[in-house]
Amino acid sequence: MHTFTRASRLAVLAFLPTLAGCAGVTPVSYSGVASSSYLAPNPSDTSGHIPYRYASTVAWRAYDKVIVEPVVVYRGPDQQFGDMVEEDKLSLARYMQTRFTEKLLSRFTLATRPAPNTLRIRLTLTGAVTTTPVISTLSRFDMAGAVYNGVQTARDREGLLTGSVIYTVEIFDAPTSRLLTAFVSKQYPSAYNIGASIGKLAAAQTGIDKGADALMAQLR
């Protein structure tokens, strides 16, 4: 039995423009994050993936070991989880810990204590949006949704009713605790990634995967 009748589909289409207008969450610099005072708007970021950043000149190739701190779920008043339940926040934090560590191990040796040539990385999950079940997938195939998502894909922006993840990355020189770089990142799947529109956390998890790949590209 089909979940959506023709009338239901037309009703969804009627609401698409309204939903598109309020889609997405705009990250902030998160006042409770230790490096918040260092973060500044990032005018070179046209994609919106890294809206705030602090960077110093670093020879990343000089580092060959890494300490990955446990991922923290941000509890500050400017957190951006909406009405996400605690279980889902913790699930995303565990997924982030696993995926970022796996990626980092392709380049670094995992360390447990400060030593020369060692980075210390702190990841803080500051916000996330779940995918709207069924309607998100449907919007990829209906006319209005297809047009909107096509434009968003070309702009590397969020698809309609697709989930996302927001987090901060702080990277320190482990022996000295000197902050090397820090940034706020917002990640989400391509608007036409159908697999990421199925399951309420699938899009946020895909965003975490993309974020781990982007971090590794920076550190190579």
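For the residue pairs Lys65/Lys200; Lys89/Lys210; Lys65/Lys89, alpha carbon separations beyond 23 Å are given by Lys65/Lys200; Lys65/Lys89.
Distance between the modelled labels on Gln218 and Thr26, one decimal in nanometres: 2.2 nm (7 Å Cα→Cβ projection).
Between Thr112 and Glu69, the contour length at 0.36 nm per residue exceeds the alpha carbon distance by 14.5 nm.
For the pair Leu105 and Lys200, the difference between a 0.36 nm per residue extended length and the Cα-Cα distance amounts to 31.4 nm.
Coordinate-derived values only; no laboratory data. Everything numeric here is computed off the predicted structure, so don't read it as measured data. All Cβ positions, glycine included, derive from the backbone under ideal geometry; neighbour counts span all protein chains shown.
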